[in-house]
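What follows is one structure encoded as structure tokens, with my remarks underneath.
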Amino acid sequence: MAFLADALQRVKPSATIAMAQKARDLNAQGKKVISLSAGEPDFDTPDNIKMAAVKAIAEGKTKYTAVSGITELRQAIVAKFKRENGLDYKWQQAIVCTGGKQVLFNAFMATLNPGDEVLIPAPYWVSYPEMVALCGGTPAFVSAGPETSYKLTAEALDKAITPKTKWFLFNSPSNPTGAAYTREELKALTDVLVKHPHVWILTDDMYEHLVYGDFTFTTPAQVEPRLYERTLTMNGLSKAYSMTGWRIGYAAGPEPLIKAMDLVQGQQTSGANSIAQWAGVEALNGTQDYIPVRRKAFEQRRDLVVSMLNQARGLSCPVPEGAFYVYPSLKEVIGRKTPSGKTIATDEDFAMELVESEGVAVVHGTAFGLGPAFRLSYAESTETLTAACEKIQKFCAELR
């Protein structure tokens with residue numbers, strides 16, 4: 001009898017976590033590494049949010065909470081959805097989880113049976129298919145490649161849906177590409193989904209506030225109200241509010257689904273951290289003035305990185321509409337050799353050689369389901385990004 005669960009055989013380690021650990025290991029060996037592999041803002045949590053947490057501690061708000069979260073935060077969540085997305089929910093339709101990952105796990109654990117498929121556009125966040133597999137479902141993929149600016153077309157979506165499709169998992173702006181869908185592009189997808197009433201929509205809006213220029217964010221249930229009763233709209237505090245370590249994700253959707261997710265969470269972790277929840281109330285209800293300031297800084301970094309990477313020999317880097325990632329193509333680099341004679345046969349070879357020789361950590365694109373490419377996070381200072389891109393330019397120039 002095997003000791004470890006068979007489910008683990010279906011799951012791969014996170015490539016983003018692995019590369020971040022590789023960078024830490026090299027740093028521990030005395031080699032300075034610029035790590036651009038993690039999706040974490042370099043800005044600090046705003047002071048008003050931190051002070052709300054201090055106040056909660058002082059007032060003794062340190063006990064267990066309701067499994068789905070304190071009422072005040074659930075009310076703040078539905079107020080946010082109404083204010084920013086035009087979506088009407090009762091507070092009982094909202095759930096608070098320990099990060100966005102737990103929202104996804106709860107939803108999949110509560111709904112997936114063997115044989116059920118979750119349709120995921122590729123490239124995708126590395127954890128999506130692994131979560132589906134752990135919860136007993138089958139990840140299914142549909143390509144959204146560079147020829148369509150890393151955006152899924154309505155035609156491709158329609159062809160990919162099968163009778164086994166239970167969920168369509170949608171992420172805009174995208175991790176890893178930064179691609180974001182206009183209202184018109186999103187309407188084309190929702191028109192398809194309306195025709196397939198057995199398919200539910202789980203929309204990951206984690207990067208909602210990080211869109212650039214005159215781009216306007218929209219979410220599926222907002223664009224197509226007929227999908228409201230089968231859409232789980234997910235968001236969180238980690239990116240826009242620089243609260244990655246606070247671990248607060250949230251979602252709203254049909255009440256029977258929320259109750260099922262509450263049941264799963266009640267036997268898993270119970271309620272999220274009470275202090276982080278009170279900080280979350282302040283994040284959503286308090287001033288939002290720092291968001292556009294930080295968004296502008298990210299936009300300037302994006303423009304710098306795109307420009308410098310497009311000057312690197314063999315790289316082609318599109319301009320993303322949102323998030324804080326770029327996803328340059330390595331197509332022209334594959335097959336070239338390093339000065340030591342190592343052949344760059346894959347995008348993983350590129351990433352490993354880059355971190356070993358130049359001390360810049362990025363994540364290879366095939367880990368996200370579509371290569372040859374790599375993901376670079378520009379959630380770092382301008383000085384750090386400039387130094388990293390110069391090293392990438394040097395590395396590419398030396399390939400033969």
Report summary line: With +1 on the Cβ of every Lys and Arg and -1 on the Cβ of every Asp and Glu, the dipole magnitude of region 285-400 about its Cα centre, in debye rounded to the nearest 20, is 200
Report summary line: Filtering GluC sites (Glu not before Pro) in region 296-397 by DSSP loop and by at most 14 other Cβ atoms within 10 Å leaves Glu332
Query raised in the report: Using a 1.4 Å probe, what is the accessible area per residue for the chain, in Å²?
Result: 42
Requested in this report: Evaluate the distance, in nm, between pseudo-label points positioned 7 Å from the Cα of Ala260 and of Glu332 along their respective Cα→Cβ axes.
Outcome: 4.9
Report task. Calculate the dipole size of the chain relative to its Cα centre from +1 charges on Lys and Arg beta carbons and -1 charges on Asp and Glu beta carbons; express the result in debye to the nearest 20. Result -> 420
Query raised in the report: How long is the gain from Asp289 to Met51 if the chain were fully straight, where each residue apart is worth 0.36 nm and the alpha carbon distance is subtracted?
Result: 84.0 nm
Report task. Between Gln21 and Glu229, take the C-beta separation as r, use R0 = 41 Å, and let me know the FRET efficiency to the nearest 0.05. Result -> 0.45
Query - Helix-only mean residue ellipticity at 222 nm for the chain, each DSSP H run of n ≥ 4 adding -39500 (n - 2.57), per residue, nearest 500 - result: -12000 deg cm²/dmol
Query - Size of charge dipole - region 188-300 - debye, nearest 20, with Cβ of Lys, Arg +1 and Asp, Glu -1, no other charges - result: 180
Query raised in the report: In region 182-274, which chymotrypsin sites (Phe, Trp or Tyr not before Pro) fall in coil by DSSP and have 16 or fewer other Cβ atoms within 10 Å?
Result: Phe215
Report summary line: Mean shadow area (nm²) of the C-alpha convex hull around region 284-400 is 7.8
Report summary line: Counting only DSSP loop positions in region 50-154, the chymotrypsin sites (Phe, Trp or Tyr not before Pro) whose Cβ has at most 13 other Cβ atoms within 10 Å are Tyr64
Query raised in the report: When the Debye formula is applied to the Cα atoms of region 218-262, each taken as the same point scatterer, what base-10 log of I(q)/I(0) results at q = 0.16, 0.17, 0.22 Å⁻¹?
Result: -0.54, -0.59, -0.81
Query raised in the report: Which whole-number percent of Cα pairs in region 33-99 have a distance greater than 14 Å?
Result: 73
**Report entry** Share of carbon and sulfur in the accessible heavy-atom surface of the chain [1.4 Å probe, %]
**Finding:** 54
Query raised in the report: What translational D, rounded to a whole number of µm²/s, comes out for region 97-234 from Stokes-Einstein when the hydrodynamic radius is the Kirkwood one over Cα pairs, at 25 °C and 0.890 mPa s?
Result: 164
Report task. Please give the FRET efficiency for Thr343 paired with Asp158, using the beta carbon to beta carbon distance and R0 = 56 Å, rounded to the nearest 0.05. Result -> 0.90
Query - Modelled FRET efficiency - R0 45 Å, Ser357 with Arg183, Cβ distances, 0.05 increments - result: 0.55
**Report entry** Listed residue pairs exceeding 19 Å between alpha carbons, taken from Lys164/Lys187; Lys151/Lys187; Lys80/Lys239
**Finding:** Lys164/Lys187
**Report entry** Derived scalar couplings ³J(HN,Hα) [region 43-50; Karplus, 6.51 cos²θ - 1.76 cosθ + 1.60; whole Hz; x for Gly, Pro]
**Finding:** 6, 7, 4, x, 4, 5, 6, 4
Report task. Return the ratio Rg/(2.2 N^0.38 Å) for region 21-169, where Rg is computed over Cα atoms only. Result -> 1.38
Query raised in the report: Over the chain, what per residue volume does the convex hull of the Cα atoms give, in whole Å³?
Result: 158
Report summary line: Charge dipole of region 81-184 built from unit charges on the beta carbon (Lys, Arg +1; Asp, Glu -1), centred at mean Cα; most positive-end Cα among Gly137, Leu112, Leu87 is Leu87
Query raised in the report: lysines within cross-link reach of Lys394: Cα-Cα under 27 Å, excluding same-chain residues under 8 positions apart?
Result: Lys22, Lys31, Lys32, Lys331, Lys337, Lys342
Report task. Report, largest value first, the span of the C-alpha coordinates of region 209-336 along each principal axis, in whole Å. Result -> 53, 32, 31
Query raised in the report: If the convex hull of the alpha-carbon atoms of region 165-282 is projected onto planes in all directions, what is the mean projected area in square nanometres?
Result: 8.6
Query raised in the report: Roughly how many Å is it from the Cα centre of region 107-142 to that of region 61-80, as a whole number?
Result: 28
**Report entry** Label point distance in nm, Gln92-Lys61, each placed 7 Å from Cα along Cα→Cβ
**Finding:** 2.4
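The values are calculated or read from the model by the stated rules, or taken from the named source; none is laboratory data. None of these values were measured; they are calculated from a predicted model. Every residue, glycine as well, gets a Cβ built from its backbone with ideal geometry; the counts of neighbours run over all protein chains shown. Accessible surface is based on the protein model in full, side chains and every heavy atom, while ligands, DNA and RNA are left aside. Shrake-Rupley method; radii C 1.70, N 1.55, O 1.52, S 1.80 Å.
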